[in-house]
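Working notes, structure below.
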Amino acid sequence: MLDADAAYLALKARDARFDGMLFVGVTSTGVYCRPICRVRTPRRENCRFFASAAQAEAARFRPCLKCRPEIAPGRTEPWTVMDASRTLAQQAAHWLDQHAASGGKASVETLARTLGITDRHLRRIFVAEHGVTPLQYLLTRRLLLAKQLLTDTDLPVTQVALAAGFTSLRRFNAAFVERYRLNPSTLRRRSGPRASSADALTLHLAFREPYDRGAMLRFLSQRAIPGVESVGDTTIRRSLRLRCDDRELHGWLQVQFVAQRPLVRVDLAPQFAPASATLIRAVRRWLDLDAVPDAIDLALRDLPGSGIRLPGALDAFELAVRAVLGQQVTVAAARTLATRLAQAWGEPVATPWAAEVSRLFPAARQLAALQPADLGALGIVRQRAAAIIALARQWDALQARLHAGEPASALIAALEAVPGIGPWTAHYIAMRALAWPDAFPPGDVAVLKAMNCSAREAEARAQAWRPWRSYAVLRLWHALAQPISLGSPSR
């Protein structure tokens, strides 16, 4: 339950720590804002405070056109199985976030079946945790996504509706007018000029400070595969393949940290327009834009490195292959092997930066058709070559466990069942592919070196860092600031 008096103090101070954590509805205007909104502070008696945009919209407030609640950071809230109902409610919200753009597929009935509970029980625990019904939450996610696409891009309104998960233009227009009291075309006219062009879709995503941009960019730069990804001082460019409505899309994206603002600009290849909702969510996880720094810093107060974020992955299969290649070798050596793999079997792709990014990383189906000797010709030792091929052949089943909100233990167990993938590799993949905040890869060479203790002692000491052990691992790696082996041998 929000403390309204404390929330009002945060609003008066424009406290960015609470961005995305609370929203204020102003009864005199009928608008709800982020706490960082630069408009004149409303009178206390005119304010109502909400823990989510969905709650504000359920109370009949419409989103501010200036501070744009749709680009606010979300929340990274690890949960515990000690509270089963809360865990299910949070898993349900993650599922709805992930499937908001899936049209009819994102139904309450489908969600209840996925969680193994009844529709009635789902609604009860969801309202108790989130203050709104699943359908209210889902509609808010879709409308805010549509508002972002209308504001930032020139996509036709029909395409915006479909990209946001609406199955018909009529239903989209009706929901938009009912909630926001203006039609989509009017919102677009009021939004002014857009950065998007015929050559790219441009979107903006916010995050909370502190954010160590340099640490994130260095981490990704050290692991960037030439031809697939390029990392500069403020910018990341890369190729990408993406599944969308049973189609495979090939294209590119660029993300840039906006100078002196807690904002990321995202440019997407035009062909990714139908998958824009998926990519917004994927980029947020990739760059850890929804982290809550205060909570992390409190748990890790004995470790330097405030603002270091957990790098995720846009291509989970690419990450998994990289993790296998990195067993018992340096980061640089793993990158060299990954580059050879991409050059040998990666497909060409057209991008605006042909000299930097020109190939896709090989798809699982491509590597599944190979034999260990094929990879051996690239200098990949037989054990790791066999593990990569086994991983590729089982990828369809493994991919089903790569959804936010899924327990990491299920993915780890499935990965460890793949020949050649041991505990360290499985935990590392889960840490980055799931954006799992509480990973602690067992026997990690760099962690043990930084902590100067045995594996058993490290595991015991790390209990104090739960549920943010992944961030502790990143801080320990960062503290070494020198080339190291990626991890312990896989079995």
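Read-outs: derived from the displayed coordinates by stated rules, not from any lab. Note that this is a predicted model, so its numbers are computed, not measured. Ideal geometry is used to build each Cβ from the backbone, glycine not excepted, and the neighbour counts take in all protein chains shown.
Cysteines of the chain lacking any other cysteine Cβ under 4.7 Å from their own Cβ: CYS47, CYS244, CYS453. Can you list which of the DSSP-assigned H helices in the chain have a Cα extent of 20 Å or more along the long axis and an average Kyte-Doolittle score of at least -1.0? Helices meeting the criterion: 84-99, 134-152, 331-345. Looking at the square roots a ≥ b ≥ c of the eigenvalues of the Cα gyration tensor of region 203-480, which shape do they give, rounded for a/c under 1.5, prolate if a/b is larger than b/c, or oblate? Verdict is oblate for region 203-480.
With r defined as the distance between the Cβ atoms of ASP297 and GLU45 and R0 fixed at 41 Å, what FRET efficiency is calculated, to the nearest 0.05? For ASP297 and GLU45, the calculated efficiency is 0.75. Classification of region 254-349 by its C-alpha gyration tensor yields an oblate form. The axis ratio a/c (a ≥ b ≥ c) is 1.5 or more, and b/c is at least a/b. For the peptides 19-32, 133-146, 253-266, residues were scored by their other Cβ atoms within 10 Å and the scores averaged per peptide; the highest-first order is 133-146, 19-32, 253-266.
Sorted by mean Cβ packing within 10 Å, highest first, what order do the peptides 167-177, 213-223, 453-463 take?
Values: 167-177: 15.3, 213-223: 16.9, 453-463: 13.0.
The packing order, highest mean first, is 213-223, 167-177, 453-463.
Apply 1/(1 + (r/R0)^6) to the Cβ-Cβ distance of ALA128 and THR330, taking R0 = 56 Å, and write down the FRET efficiency to the nearest 0.05. That pair, ALA128 with THR330, gives E of 0.70.
If you take all C-alpha pairs in the chain, what percent of them are over 41 Å apart? Please list the in-between numbers first.
Numbers: 21771 of 120295 pairs.
Cα-Cα pairs of the chain separated by over 41 Å account for 18 percent.
Between ASP396 and ALA59, the distance separating the two model label sites (each 7 Å from Cα on the Cα→Cβ line) works out to 4.8 nm.
Length gained on full extension, SER409 to LEU135: 95.7 nm, using 0.36 nm per residue less the C-alpha separation. Using a simple spin-label model with pseudo-atoms 7 Å out from Cα toward Cβ, VAL177 and VAL258 lie 3.2 nm apart. A full extension of the chain between ARG382 and SER107 corresponds to an added length of 94.4 nm, given 0.36 nm per residue minus the alpha carbon distance. Set the Cα radius of gyration of region 4-64 against 2.2 N^0.38 Å, with N its number of residues, and you get 0.95.
Taking other residues whose beta carbon is less than 14 angstrom from the beta carbon of ALA460, and scoring Lys, Arg as +1 and Asp, Glu as -1, yields +2. When the alpha carbon gyration tensor of region 92-208 is reduced to an equivalent ellipsoid, the three semi-axes, largest first, read 29, 15, 13 Å. In the calculated pair-distance distribution of region 1-154, the portion above 23 angstrom amounts to 39 percent of the Cα-Cα pairs.
Each peptide in 305-314, 338-347 was scored by the mean count of other Cβ atoms within 10 Å over its residues; highest first, the order is 305-314, 338-347. When you restrict to C-alpha pairs under 8 Å that are six or more residues apart and normalise by the size of region 203-480, the relative contact order lands at 19 percent.
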